[in-house]
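Enquirer: Sharing a structure, written as structure tokens. Questions coming.
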There are 2 protein chains.
Amino acid sequence: MELSQLKYFRHTARTENITKSAAELHISQPALSKMIVTLEKDLGVKLFDREGKHIKLNNHGAVFLKYVDIALGALEDGRKELEDISGQTSGTLHVSFDVASQLMPDLLKEFRDRHPEVTFHLLQHDRNPTQAKFDFCITSSLVGPSGTEKKSC
Amino acid sequence: MELSQLKYFRHTARTENITKSAAELHISQPALSKMIVTLEKDLGVKLFDREGKHIKLNNHGAVFLKYVDIALGALEDGRKELEDISGQTSGTLHVSFDVASQLMPDLLKEFRDRHPEVTFHLLQHDRNPTQAKFDFCITSSLVGPSGTEKKSC
DNA sequence: TGTATTTACGCCGCCCGTAAGTATT
DNA sequence: AATACTTACGGGCGGCGTAAATACA
């Protein structure tokens, strides 16, 4: 049982629609379908009833959802409290980009869904990006001084 | 952030000893050390203070542990309730084995730590194992009818 | 025939183990 | 010198995507 499975399950339990959930979760529809089956096997219990081409949360699913909400909620709260007491969130992200400008509105909208507390400071077509102060950038050129770091959400 | 990381963290937070926790969690000591660092990076906060060759849970760690306990507890409760209402747990596992008999005591002890509600029915050196009724077996011979299935805990 | 889920199959990244390195007592 | 944690590196497994199959309206 993994956290990603629980997040996927929680979302799918609410929509009762794998295709829709997959799109909103940014994974492929078969991947989500399989993850749910895997979770059901792990628990030894079916969480959804398959009725024709639709799925419907059943009793077991509803019971489990209740606990999943508690668990995921606690972890989200924990993260928030850590942010609060560590005071490391500036609240503002400085973003520089010279490509993909037409994608930014959707990207920002998506991000604000997940992190409503963050505000952005945007820099488009910065003159000399190597000297610019940004938290991250989107560019087609090779960029200079600081190293890159991989993050997941 | 993954569930395994949280379980590892919870255990290590209590022992404040990576080597000991690694042994009890059945993973290598470097693996556990790395997982904790990974979790800290994910949260953006150090959870332990490194003092010489010892580690000590710090403020952030204590705060986060509180939420981890809630989350993992909820998931354990959810599993239990699903077992209750589905009524699929027989309460007794039938185990057949013709090798590794000297390992069984420790294995059983280990398992009972995790699942105290389960009782065992042991069959050593079964005459014709292919016909035997067991939930699982440990053997050096190839066994017959039913397929094998992979499970993680 | 279009829509929704499931199965098949392969790739890539991550978890974990072994080995070596570093630091403290 | 012994103990405990960290870094380096490689292998194996699982998550996820694309493609194809199945099933219902």
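The values are calculated or read from the model by the stated rules, or taken from the named source; none is laboratory data. Just so we're clear, the structure is a prediction, and the values are computed from it rather than from any experiment. Here Cβ is always computed from backbone atoms with ideal geometry, including for glycine, and neighbour counts include all displayed protein chains.
Enquirer: Working only within segment B:30-57, note down all residues that are assigned to a loop (DSSP other than H, G, I, E, B), within 16 Å of DNA strand D (Cβ to nearest atom) and within 11 Å of chain A (Cβ to nearest Cβ).
Expert: B:Val45, B:Lys46, B:Leu47
Enquirer: Another question, if that's okay. Which of the following residues is within 14 Å of another protein chain (Cβ to nearest Cβ), modelled with pLDDT under 95 and in a helix (DSSP H, G or I): B:Lys80, B:Lys7, B:Lys66?
Expert: Step by step, each of B:Lys80, B:Lys7, B:Lys66 is checked, and only B:Lys80 is within 14 Å of another protein chain (Cβ to nearest Cβ), modelled with pLDDT under 95 and in a helix (DSSP H, G or I).
Enquirer: Right, something else. Kindly evaluate B:Gly91 against the criterion of being under 19 Å from the mean Cα position of the chain (by Cα), modelled with pLDDT of 95 or more, more than 16 Å from DNA strand D (Cβ to nearest atom) and not aliphatic (A, V, I, L, M).
Expert: So B:Gly91 fails the test.
Enquirer: Let me ask something else about it. Got at least one residue in segment A:34-47 being within 23 Å of the chain's Cα centre (by Cα), within 15 Å of DNA strand C (Cβ to nearest atom) and under 20 Å from B:Gly73 (Cβ atoms)?
Expert: yes
Enquirer: Based on this model, can you work out whether A:Ile27 counts as more than 10 Å from DNA strand D (Cβ to nearest atom) and either surrounded by 13 or more Cβ atoms within 10 Å (Cβ to Cβ) or assigned by TED's automatic domain parsing to the domain that holds A:Phe120 (or both)?
Expert: Answer is no for this residue.
Enquirer: Report whether or not A:Leu82 is out of contact with any Cys (no Cβ under 6 Å at 6 or more places or on another chain) and farther than 22 Å from B:Leu82 by Cα.
Expert: Spelling it out, A:Leu82 is indeed out of contact with any Cys (no Cβ under 6 Å at 6 or more places or on another chain) and farther than 22 Å from B:Leu82 by Cα.
Enquirer: For the subset of segment B:13-24 comprising residues that are touching a strand residue (DSSP E or B) at 6+ places or on another chain (Cβ under 8 Å) and outside any loop (DSSP other than H, G, I, E, B), which member is nearest to DNA strand D (Cβ to nearest atom)?
Expert: Per the criteria, the residue is B:Ile18.
Enquirer: Continuing with the same structure: Quick one: is B:Leu108 modelled with pLDDT of 70 or more, within 14 Å of chain A (Cβ to nearest Cβ) and assigned to a helix (DSSP H, G or I)?
Expert: Taking the combined requirement at face value, the residue does not satisfy it.
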